[in-house]
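Structure first, commentary second.
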Amino acid sequence: MGLLRVALTGGIASGKSTCLARFHELGAPVIDADRLAHEVIAPGTPGFTEVIARFGAGVLTPAGAIDRSALGRIVFADAEARRDLEAVVHPAAYEAIRRWFADLDARPGAARAAIADIPLLYETGRETEFDRVIVAACRPDQQLARLIDRSGLPPDEAALRLAAQMPLEEKARRADLVIDTSGTRADTARQVDEIWKQLQR
């Protein structure tokens, strides 16, 4: 039996990072698509050149890197701009994830399962590329409050960012497994522990 390729998804501020950290603590190989997305548009990459060509020098920091806050304000207010950015970022990030799974699978004594944290899995229509999909979900009011608390965004801007993603209830409905992150961190950790046991069976 080959490596079980697992995608962990959810929404902004739905508890994915907490779940991923717990899987990592339990010994699961993990990779974070958000981190890959940053690498894809780092200075010196083809992605960086494409982003500047599309959005202009106004999205650069004084140090010459991409200012993610400035870029975020543009793409979350303009669906076409968001699609243009995703066309640069997503193919490269998914290719990096594919290579990561393949490298893990080729190692002697490889893990039975590995987990990729992919926030926009359903939005990009890539869920069929994975053996299992786990969704981290909480109540919509919690998600909005967590996002405001974490980001410092005004409520209307935070709501705009959530509206750009598929609702958590819909993602949970489509998932193979759901982690309810609306309770305490200990509650979330217990669910992660149980799912990790299931994935290794």
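Any residue in region 154-183 that is within 14 Å of G15 (Cα to Cα) sitting within a Cβ distance under 6 Å of a residue that is in a helix (DSSP H, G or I)? List the pairs, counting only those 6 or more apart or interchain.
Here the result reads V178/A172; I179/C19; I179/Q191; T181/T188; S182/Q142, each pair linking region 154-183 to a residue that is in a helix (DSSP H, G or I).
Might you let me know whether region 62-71 holds any residue that is modelled with pLDDT under 95, on the phi > 0 side of the Ramachandran plot and either surrounded by fewer than 21 Cβ atoms within 10 Å (Cβ to Cβ) or among the aliphatic types (A, V, I, L, M) (or both)?
yes
Give the residues of region 144-172 that are within 21 Å of I115 (Cβ to Cβ) and not in a loop (DSSP other than H, G, I, E, B), sorted by residue number.
L168, K171, A172
Specify the residue that is surrounded by the fewest Cβ atoms within 10 Å (Cβ to Cβ); the eligible residues are those in region 119-164 that are acidic (D, E) and in contact with a strand residue (DSSP E or B) (Cβ under 6 Å, 6 or more places away or on another chain).
Among them, the one singled out is D131.
How many residues, within region 94-118, are touching a strand residue (DSSP E or B) at 6+ places or on another chain (Cβ under 7 Å) and surrounded by fewer than 20 Cβ atoms within 10 Å (Cβ to Cβ)? Can you show your working first?
Step one: filter region 94-118 for residues touching a strand residue (DSSP E or B) at 6+ places or on another chain (Cβ under 7 Å), giving 97, 100-101, 104, 112-118.
Those still in the list that are surrounded by fewer than 20 Cβ atoms within 10 Å (Cβ to Cβ) too: 100, 104, 112.
Going through region 94-118 one residue at a time, the tally reaches 3.
Confirm whether G10 is touching a residue at least 12 places away in the same chain (Cβ under 8 Å), touching a Lys or Arg at 6+ places or on another chain (Cβ under 6 Å) and crowded, with 18+ Cβ neighbours inside 10 Å.
yes
Would you confirm, using the coordinates I've provided, whether A81 is farther than 24 Å from R174 by Cβ, in a helix (DSSP H, G or I) and among the small types (G, A, S)?
yes
Any residue at all in region 33-46 that's of a type in the set (A, V, I, L, M, F, W, C), on the phi < 0 side of the Ramachandran plot, assigned to a strand (DSSP E or B) and buried (at least 20 other Cβ atoms within 10 Å of the Cβ)?
Within region 33-46 (the criterion being of a type in the set (A, V, I, L, M, F, W, C), on the phi < 0 side of the Ramachandran plot, assigned to a strand (DSSP E or B) and buried (at least 20 other Cβ atoms within 10 Å of the Cβ)), the answer is no, since none of the residues qualifies.
The values are calculated or read from the model by the stated rules, or taken from the named source; none is laboratory data. Given the structure is predicted, the values throughout are model-derived calculations rather than measurements. Here the Cβ is made from the backbone with ideal geometry for all residues, glycine too, and neighbour counts use every protein chain on show.
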